[in-house]
There are 2 protein chains.
Amino acid sequence: MLPENIKEVSTPCFLVDIHIVKKNARRMRERCQQFGVQLRPHMKTHKTIEGALVMTGGTKRKIAVSTIAEARFYADNGFDDILYAFPFSADKKERCQKLANELGQFHVMLDSMEGLSSILSTSLEPGKEWSIFLEVDCGYGRTGVDWDSDAAVELATKIDKTNGIQFQGLYTHCGNSYEMGAGPDFIREVGSKTTECLMDLAKKLKNCGVSCKTIGTGSTPNCSLASEKMAALTEFHPGNYIFYDYMQSLLGSCKVDDIACCVATRVISHKVSQQHIVIDCGFLGLSKQGFAENLASGPCLFKGHSNLRLVGVTQELGKVKAIEGEINYSKYPIGSMLFLYPFHSCATAAMHSVYYIHSGEKIVGVWKPTRGW
Amino acid sequence: MLPENIKEVSTPCFLVDIHIVKKNARRMRERCQQFGVQLRPHMKTHKTIEGALVMTGGTKRKIAVSTIAEARFYADNGFDDILYAFPFSADKKERCQKLANELGQFHVMLDSMEGLSSILSTSLEPGKEWSIFLEVDCGYGRTGVDWDSDAAVELATKIDKTNGIQFQGLYTHCGNSYEMGAGPDFIREVGSKTTECLMDLAKKLKNCGVSCKTIGTGSTPNCSLASEKMAALTEFHPGNYIFYDYMQSLLGSCKVDDIACCVATRVISHKVSQQHIVIDCGFLGLSKQGFAENLASGPCLFKGHSNLRLVGVTQELGKVKAIEGEINYSKYPIGSMLFLYPFHSCATAAMHSVYYIHSGEKIVGVWKPTRGW
């Protein structure tokens, strides 16, 4: 039985504002149209059918996922043209094979000869071909072949020249845009540089007779604060923008009012001797993200209560102090509700097996994410 | 279809060594017998039926839980004498009421007059009475009435004197035993002091005509390195000891060989230009716990590979570097498996919807935890 109002939910509870979700999705679609690029939204933040419908504008086509479990979930629910945006590994090959056989389009990504060998050892049904993206590193330094390396050209050429597989193009995640305090100009600069690197590699490949159908980059900061140069690309694949979060607001990707999700929690204890209040949301309700940043405002934002700071969490409890002065206990009686904008919505959403969807204070639905790998 | 061997699991995967689990459970039971105290194991670390059977020695009686979802899960599976070890709050009262009516014994815990008022407003079926623990703070400084406060005496007396409710006794979580680097003597000292505080309060209550049937304390460090004074208590309620973890080994609660769980992961990328390897385990497979401690060894321990350090995680990826010298890529080919002892097993287990149970390398079962609130 669904609670009627967000003030009636059992806490902690992950809340999603449907109007902000729709607005965030619409703006990203419009931005992609304006830039003349295809939007391939990433599902990793919410992992729900309903969120995917909003992000694809109802087409159920062209999405990126971070796990095989997500790919399977979306395939089973009528989605197609799915990119498994994770370095291909041998232990997942049977499940990838099944998806490639079933779907109209299923793309895998790799950054190594080992990944390619593993794909080559896995045959598909007659009429089916593997579709492969090359993962490129344009300065983030995590996975992917370095954009200016010989290995990038060698691997792309090898994929392209091998019979029975299709070289789809270049994929990069410009995670280096997540630089706290660097500001919007820095983010646009990362977008520009990433684009230059990708176009440079694509040009080199063209000279080798290898053409890239798709050249894409993601990251919510980069796609929210897109540099003009990024119009040279063919695809954006951000994910977090559907919810945004406190971190994105600090980066400048969004305003606080654009954050579509929060965790509802209640005051459950007054600890006057320690000058804190205790809420029923610990790291299982919020995750531990945001603490490492040591922000003066704390690791998350209390909606409408800018003087509150979360100073610590244990499994099911959070300690809250006043940023300035003493805490006003009468303002936060036991049982009163608070709403936390999480530092990183991908991490916080992942702690919840159900999201309550609201319009104003009214609860209008539930979304159930897929989990696991 | 269950994989036969731990080397065949899809990664990341949470593995539990059944023999170590049983050994850890047996040792804690024996310690409690030796101390003459009742063991009321806490379920919050694993949240499974199978783990609860091992911890209770098959009795299905006397457990502590951290959420109403856990209480409901265990009640539905034939467990009884359940303590909901979390400050009672009004929004959970209907669900608590149902459990109190159904179970032979269901105990709630509170630390405020507001909590008590909320209970008093919720009546039980004829013949049923609320059973209430007073949560006491003996120096941890999170929740609970301060052990030496007038409020502790007032609240306990009020509970005891109210018709239709039973005052069960005192509960404290001595989380102040988690002091990295302080060593076993410090932990025993916390255990001694906690016991002194609890006994002092119990004596004061006795002088007021209030008797405590139960006086208990938990925390895995304290119960693993129990001070002799703790024999004065009637109950221990640790939870983490069933798995232990890297943090507990650093605290001295256990040896590394006592850690019963690990996360299986695979090398999926070689990033030679950055001198790291990448594994398919990020914060969704491991949690972010342990990073804040800035340990030279990193936030978790690679089983059998003491020169590896996890330097960072994103959602599904972990970057691993050598602690000394350069990483030996030939030793860690793409596809090779690594096993991570988590920093905090409660947090890591919570990221997984299934645990694979193994005996040696052989997989012998799966445990499915309950989740949510």
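Evaluate the stretch A:121-141: report whether one residue or more is more than 30 Å from B:N5 (Cα to Cα), touching a helix residue (DSSP H, G or I) at 6+ places or on another chain (Cβ under 6 Å), among the small types (G, A, S) and open to solvent by less than 10 Å² (accessible area, probe 1.4 Å). Yes, the stretch A:121-141 contains a residue that is more than 30 Å from B:N5 (Cα to Cα), touching a helix residue (DSSP H, G or I) at 6+ places or on another chain (Cβ under 6 Å), among the small types (G, A, S) and open to solvent by less than 10 Å² (accessible area, probe 1.4 Å).
Number of residues in the stretch B:1-28 that are open to solvent by 60 Å² or more (accessible area, probe 1.4 Å) and in contact with an Asp or Glu (Cβ under 6 Å, 6 or more places away or on another chain) equals 0. If we scan the stretch A:67-85, do we find a residue that is open to solvent by less than 10 Å² (accessible area, probe 1.4 Å), aromatic (F, W, Y) and closer than 26 Å to A:A156 by Cα? Yes: the stretch A:67-85 contains one or more residues that are open to solvent by less than 10 Å² (accessible area, probe 1.4 Å), aromatic (F, W, Y) and closer than 26 Å to A:A156 by Cα. Is the stretch B:176-191 home to any residue that is touching a residue at least 12 places away in the same chain (Cβ under 8 Å), open to solvent by less than 10 Å² (accessible area, probe 1.4 Å), within 14 Å of chain A (Cβ to nearest Cβ) and under 30 Å from B:E316 (Cβ atoms)? No; the residues of the stretch B:176-191 include none that is touching a residue at least 12 places away in the same chain (Cβ under 8 Å), open to solvent by less than 10 Å² (accessible area, probe 1.4 Å), within 14 Å of chain A (Cβ to nearest Cβ) and under 30 Å from B:E316 (Cβ atoms).
Return the residues of the stretch A:192-222 that are of a type in the set (A, V, I, L, M) and surrounded by fewer than 18 Cβ atoms within 10 Å (Cβ to Cβ); say none if nothing qualifies. Across the stretch A:192-222, the qualifying residue is only A:M199.
Exactly one residue out of A:V272, A:V256 is surrounded by fewer than 21 Cβ atoms within 10 Å (Cβ to Cβ), within 14 Å of chain B (Cβ to nearest Cβ), over 30 Å from A:F133 (Cα atoms) and β-branched (V, I, T), and it is A:V272.
One residue stands out in the stretch A:29-53 among those that are surrounded by 21 or more Cβ atoms within 10 Å (Cβ to Cβ) and among the aliphatic types (A, V, I, L, M): the one that is farthest from A:P221 (Cα to Cα), namely A:A52. Of all residues in the stretch B:1-51, those satisfying the criterion of being polar (S, T, N, Q) and not in a strand (DSSP E or B) are B:S10, B:T11, B:N24, B:Q33, B:Q34, B:T45, B:T48. Scanning the stretch B:25-37 turns up no residue that is of a type in the set (S, T, N, Q) and touching a residue at least 12 places away in the same chain (Cβ under 8 Å).
Here are B:L251, B:L225: which of them is open to solvent by less than 10 Å² (accessible area, probe 1.4 Å), in contact (Cβ under 8 Å) with a residue 24 or more places away in the chain and either within 19 Å of B:V21 (Cα to Cα) or not β-branched (V, I, T) (or both)? Criteria check complete, one pass: B:L251. When residues in the stretch B:92-138 are screened for being farther than 18 Å from B:D81 by Cβ and small (G, A, S), 6 of them pass. Among residues that are touching a strand residue (DSSP E or B) at 6+ places or on another chain (Cβ under 7 Å), within 12 Å of chain A (Cβ to nearest Cβ) and either surrounded by 20 or more Cβ atoms within 10 Å (Cβ to Cβ) or touching a residue at least 60 places away in the same chain (Cβ under 8 Å) (or both), B:V311 is not included. The strands (runs of 3 or more DSSP E) falling completely within the stretch A:158-273 that include 1 or more residues that are of a type in the set (D, E, K, R) and under 30 Å from B:G141 (Cα atoms) map to A:261-271. If I filter the stretch B:167-175 for residues that are polar (S, T, N, Q), within 12 Å of chain A (Cβ to nearest Cβ) and closer than 23 Å to A:V320 by Cβ, do I get at least one hit? Within the stretch B:167-175, not a single residue is polar (S, T, N, Q), within 12 Å of chain A (Cβ to nearest Cβ) and closer than 23 Å to A:V320 by Cβ.
Is it true that A:H305 is open to solvent by 30 Å² or more (accessible area, probe 1.4 Å), at pLDDT 95 or above and in contact with a Leu (Cβ under 7 Å, 6 or more places away or on another chain)? Taking the combined requirement at face value, the residue satisfies it.
The values are calculated or read from the model by the stated rules, or taken from the named source; none is laboratory data. Predicted model only: the values in this text are computed from it and were never measured. As a convention, Cβ positions derive from the backbone with ideal geometry for all residues, glycine included, and neighbour counts pool all protein chains shown. Accessible surface is based on the protein model in full, side chains and every heavy atom, while ligands, DNA and RNA are left aside. Shrake-Rupley method; radii C 1.70, N 1.55, O 1.52, S 1.80 Å.
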